Amino acid sequence: MPREGAPPAVAGAMASDARHPGWTGRLAVVALALLWGLNWPAVRVALTEIPPWTLRTAGLALAAAALFALAAVRGRSLRVPEGRRLALAFAGLLNIAGFNVMTAFAQLHTATSRAAIVTFTMPLFATAFAFLVLREVPDRVQRIGLGLGTLGLGVLLYPLAGGLGIPLGVAFSLGAALSWAAGTVFLKRARIQAEPLAIAAWQLVAGASAAGLGMLAFEGLVQPFPLSGPVIVALAYHVVLAQALAYFLWFEVVARLPAGTAALGTLGIPVVGVLGAMLLLGERPTVPDLIGFALILAAAATVLLPRRR
């Protein structure tokens, strides 16, 4: 995700064939939904005093360091075939840099709850891109999901547009979803033969590097400055819990999680994000917001949850 949403750096990891998930695996799924869901309001608070490029550079760099440390502890190889490194870096630009930077700017221009839900249209775009690029024909349930998602977006956008086009915050959220979906499909098409942990870690390096260049270009080297108490707490949560700890936790348990359990945990992220924004930021979604949220969440469920064939 990651990050506020599910972890784009590890796209495809949820398809892991778990054998004995146990109660610890299920608790881990709940913990991850809480960690990544509450990251939405935490980032919004941090953005009140920290520039977006700087915030993303720090968070992604720490997440990359966490995965490199995890690889060292577990003795995992981080080697990527030489001919596939450029492809992996490009995937990182889409999955990590594009997603994270645009979700940060989305929260500066629209309600956090709305940004979280609109960003979660990603599985719908991924299904469409997979059809166009990989020739994966969506089944009947997935087509229903695409219809629900389109309807949900329409409900969200109609009262916001006012005849002036898509609001900027929603446009950034859609851009984040599109970037994540394109990166996921590109990564699947690239068929990079490497450890999942290596694929995730190097994507984070690419994303942190791109965010760092953006920071230097648009914000410069930010000098140390005093932060308020709430921002310090939010920043600590973002970089330590929602980035480093969450990625450690994800890769410790993902091999033991069935796809259905992991997908349910992913569906919990925007729910926690919306509730967190309401409780911590005082946001009050409108009736069209709630209807659009419900339709998009239902649409994502039809795409993400495994079905018997």
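The values are calculated or read from the model by the stated rules, or taken from the named source; none is laboratory data. Being a predicted model, the structure only gives us computed values, none of them experimental. Cβ coordinates were reconstructed from backbone atoms using ideal geometry, including for glycine residues, and neighbour counts include every protein chain displayed. Side chains are part of the model used for accessible areas, which takes the heavy atoms of the whole protein and leaves out ligands, DNA and RNA. Shrake-Rupley method; radii C 1.70, N 1.55, O 1.52, S 1.80 Å.
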Q: Among the residues of the stretch 103-144, write down those that are of a type in the set (A, V, I, L, M), in a helix (DSSP H, G or I) and open to solvent by less than 50 Å² (accessible area, probe 1.4 Å).
A: 104, 106, 115, 116, 117, 118, 122, 124, 126, 128, 130, 141
Q. Do we find a residue being at pLDDT below 95, within 30 Å of residue 167 (Cα to Cα) and either crowded, with 22+ Cβ neighbours inside 10 Å or in contact with a Leu (Cβ under 7 Å, 6 or more places away or on another chain) (or both) anywhere in the stretch 58-81?
A. yes
Q.
Scan the stretch 166-175 and tell me whether some residue there is surrounded by 20 or more Cβ atoms within 10 Å (Cβ to Cβ), closer than 24 Å to residue 110 by Cβ and among the hydroxyl-bearing types (Ser, Thr, Tyr).
A. yes
Q. When the stretch 270-283 is examined, which residues are found to be open to solvent by 10 Å² or more (accessible area, probe 1.4 Å) and modelled with pLDDT under 90?
A. 271
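Return yes when residue 151 is open to solvent by 60 Å² or more (accessible area, probe 1.4 Å), more than 13 Å from residue 293 (Cβ to Cβ) and not acidic (Asp, Glu) and no when it is not.
Here the answer is no, as residue 151 does not meet what is asked.
Of all residues in the stretch 184-206 being among the small types (Gly, Ala, Ser) and not in a loop (DSSP other than H, G, I, E, B), which is farthest from the chain's Cα centre (by Cα)?
Residue satisfying both the conditions and the ranking: 190.
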Q: Please go through the stretch 35-51 and pick out each residue that is polar (S, T, N, Q) and within 14 Å of residue 232 (Cβ to Cβ).
A: 48
(Q) Regarding the stretch 173-183, can at least one residue be identified that is more than 16 Å from the chain's Cα centre (by Cα) and assigned to a helix (DSSP H, G or I)? (A) no
(Q) Considering only the stretch 87-97, I want to know if a residue exists there that is surrounded by 24 or more Cβ atoms within 10 Å (Cβ to Cβ), within 22 Å of residue 277 (Cα to Cα) and modelled with pLDDT under 95. (A) no
Q) Restricting attention to the stretch 220-247, and to residues there that are under 17 Å from residue 60 (Cα atoms) and open to solvent by 40 Å² or more (accessible area, probe 1.4 Å), which single residue is modelled with the lowest pLDDT? A) 222
(Q) Given the criterion at pLDDT 90 or above and either farther than 22 Å from residue 84 by Cα or in contact with a Phe, Trp or Tyr (Cβ under 9 Å, 6 or more places away or on another chain) (or both), identify the matching residue among 194, 161, 182, 200. (A) 182
Q) Looking at this structure, is residue 43 open to solvent by 10 Å² or more (accessible area, probe 1.4 Å) and either assigned to a helix (DSSP H, G or I) or not basic (Lys, Arg) (or both)? A) no
Q: Hey, can you tell me all the residues within the stretch 193-219 that are surrounded by 15 or more Cβ atoms within 10 Å (Cβ to Cβ) and farther than 20 Å from residue 102 by Cβ?
A: 194, 195, 196, 197, 198, 199, 201, 202
Q | Pair list, Cβ < 6 Å and 6+ apart or interchain, from the stretch 287-305 residues that are within 21 Å of residue 138 (Cβ to Cβ) and open to solvent by 40 Å² or more (accessible area, probe 1.4 Å) to residues that are part of a helix (DSSP H, G or I) and not aliphatic (A, V, I, L, M) | A | 304/123
